[in-house]
Structure formats: C-alpha cells, structure tokens
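The values are calculated or read from the model by the stated rules, or taken from the named source; none is laboratory data. Model, not experiment: these values are computed from the prediction. Virtual Cβ from ideal backbone geometry, glycine too; neighbours counted across all protein chains shown. Just the protein is used for accessible areas: all its heavy atoms, side chains included, with ligands, DNA and RNA removed. Shrake-Rupley method; radii C 1.70, N 1.55, O 1.52, S 1.80 Å.
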Amino acid sequence: MAGNSQRRNRRTSNKKGMQVGSGGQRRRGLEGKGPTPPASARKGHKKNRVANAQAKQAAARRPAPRRGGAKGTSEMVVGRNPVYEALRDGVPATTLYVQQYIDNDERVREALQLAGERGNINLMEAPRPELDRMTNGLNHQGLVLQVPPYEYAHPEDLTAAAYDKGEDPLIVALDGVTDPRNLGAIVRSVSAFGGHGVVVPERRAAGMTAGAWKSSAGTAARTPVSRVTNLTRALEGYQKAGITVVGLAADGEHTVEDLEALAGPVVIVIGSEGKGLGRLVGETCDYRVRISMPGGAESLNAGVAAGIVLYEVARRRA
C-alpha cells in the first residue's frame, strides 16, 4: 500500500499547475521585423566579411590628414638693444632671461616693461655663468630672449587660404635668398599687395628667424611662410593645381608689364641677387619675365624686385 501511495504522489507531482501567461510575447514574436538587410550588412555573412575587409583597405589607402608644415628651431636673441628691438617689433618670445644683479639702465627697464605688457613672456633671473652657457659665450649684456620655433605652413595651405577667400592664389617662392632681412621684406610686400604666402626651401635659404620677423614689420603674424624640402617639386605641385609659375630673370623672354598670366593664379619665383634662379627651378617655370630698367642696373635686391612684380599683379587684379 505504501508503494502504491508513493507512485500516486509522484504522478500527481508531475502535473502542471497554474501557468503564468506569456504577456503577449508569443504574439510579438509573430510580428514582422521589417525587410531583411542585404547580405553585406548581416553580421557573420560572407559578403559582410568581404565588405569590412574592403573598407579597411580603403582606409589604409586614404592619405593621413595634414597637420601643417615643419617647425623651425628655437633661437636666442642676445644683447640689450637686440632684445629691446625684438620685443618692440613684436617678435614672438617665450622667456626673457635677466642676469642677477644687472645694472638697471634704461634699455633694461624698457625691455622688462615690454615683456611685462605682453603678459605671455616668462621673466627668469639667472646668474651670469648660466647666461654665458646658454649663449655659448656671446656678449649678452645680461639680457637673453628665447624665441620659439617658427611654425611653417604646408604649401597647400597657401592655396587653400586663397580659395577660401574666393581669390586667385598669389604666392612668392624664393630660390637661394639667404638674407633673413630680404625674406622679411618680401613677406611684408606679399602682405601689402594681397598675396597669400611665401615658399622657401629648407637648404641654402633664409628661414623665419627673429631678424626676418623684425624686417616683416609684424606682417609675419598674418602672412604664412611654407618651408619645403624640394622647391622644384613644390612648384610642379602648384602647376598641377592649375597655377602658373613665373620666374623672375634678367634675361627673361617677357617683361612684367606685358605678361597677361600675372592676372590669374600665379606663383612668382625670385632668385638670389647674384646667381638668380637655379637651373632646375628656371626650367620648371612656365614663363620667365624681366623687369625693365632704363637706368641700366644689372639687377635689383630680391625684396625690391618682389615688390615691383607684386605691385603689377595687384594693379591687374584691381
């Protein structure tokens, strides 16, 4: 009897009791889920794996975004008058080092006042031996100004700035100009006549030093300078972009006042006062022009020549 009772209990324990309703889950499961996505969008599908692989390959081929051009090197301006003039002319600076127990003359006071007025120049006091070490023994007279590296633009940034303004590019490229004062004067002329920048090569050419910045009379703050490894290649890149390259040469086939190409997008190439344009650069130019000089002078200073040609371009565009 006991065994029969246990079997009946087991049978009754297996019976289903009250069940909780599905809450509409089965009904929602029967509802449609929209159109079936294409195979290339279905995770795990062969076509999806192929599409992902193609996207990765395309991303690998895509050029990385540009982040401006190269940077120059930091520079020290030494001496009371040079430091004062650099601060007065707006040369960028990060730190003004002042010798301990320095004779507080008028130039020192003026330099300290200019540095303080800027508000972003650190003032550091240092013993004379430390300043001697920093300047490699130059006659610093107790004042040393630290100039940060100049941030050069990318060559394409110059044309992009022109097109953003709805203007034809007007760029000056320098070939063999080694005097920073000439570079600064040319930057000033480019700014004055509505140009969009200056291109200089890395080697055997002046860079944007404190001297160049001073000669630009502050216009270097708004006129970009680009530094390139190979000037000929940079000029060819401009030509591919539809810009005419015009070289300035004493024996040019055209005169500045007669060349109609100066009215459009143009890069003006100016060589050194002594040697002029290099052979490869000269051969790359679309035109070579000369400046008429009734007085009979053999050549002009690079900064003066640049100003004359830029004026002619601005006159044609007016």
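Among the conditions (1) within 30 Å of residue 144 (Cβ to Cβ); (2) open to solvent by 10 Å² or more (accessible area, probe 1.4 Å); (3) among the small types (Gly, Ala, Ser), residue 226 misses just one, which is (2).
In the condition set (1) buried (at least 21 other Cβ atoms within 10 Å of the Cβ); (2) without any contact (Cβ under 8 Å) to a residue 12 or more places away in the chain, residue 238 is compliant with all but (2). Taking each residue of the range 251-274 that is closer than 18 Å to residue 169 by Cβ and looking for partners that are surrounded by fewer than 19 Cβ atoms within 10 Å (Cβ to Cβ) and of a type outside the set (Phe, Trp, Tyr) with beta-carbon atoms closer than 6 Å, six or more apart or interchain, yields 262/316; 263/316; 264/168; 265/168.
Do we find that residue 307 is open to solvent by less than 80 Å² (accessible area, probe 1.4 Å), in contact (Cβ under 8 Å) with a residue 12 or more places away in the chain, assigned to a helix (DSSP H, G or I) and in contact with a helix residue (DSSP H, G or I) (Cβ under 7 Å, 6 or more places away or on another chain) in this structure? In short, yes. Please find, among 249, 210, the residue that is of a type outside the set (Asp, Glu) and touching a Lys or Arg at 6+ places or on another chain (Cβ under 7 Å). Checking each option against the conditions leaves just 249. Looking only at the range 143-169, residues that are aliphatic (A, V, I, L, M) and within 15 Å of residue 95 (Cα to Cα) come to 4 in all.
Taken over the range 89-119, residues that are open to solvent by 40 Å² or more (accessible area, probe 1.4 Å) and either within 23 Å of residue 215 (Cβ to Cβ) or touching a Gly at 6+ places or on another chain (Cβ under 8 Å) (or both) amount to 9. Here residue 133 does not fit the description of being within 19 Å of residue 86 (Cβ to Cβ) and surrounded by fewer than 18 Cβ atoms within 10 Å (Cβ to Cβ). Of all residues in the range 76-94, none satisfies the criterion of being in a strand (DSSP E or B) and without any contact (Cβ under 8 Å) to a residue 60 or more places away in the chain. In the range 277-290, the residues that are more than 15 Å from residue 172 (Cα to Cα) form Cβ pairs under 6 Å with partners that are among the charged types (D, E, K, R) and crowded, with 21+ Cβ neighbours inside 10 Å, at six or more places apart or across chains, as follows: 278/175. Only residues that are open to solvent by 40 Å² or more (accessible area, probe 1.4 Å) and touching a residue at least 12 places away in the same chain (Cβ under 8 Å) were counted in the range 166-179, giving 4.
Say we look at the range 72-85 and pick out the residues that are among the small types (Gly, Ala, Ser) and modelled with pLDDT under 90; which of these is least open to solvent (accessible area, probe 1.4 Å)? Per the criteria, the residue is 72. Is it the case, given these coordinates, that residue 69 is open to solvent by less than 50 Å² (accessible area, probe 1.4 Å) and at pLDDT below 90? Yes, satisfied.
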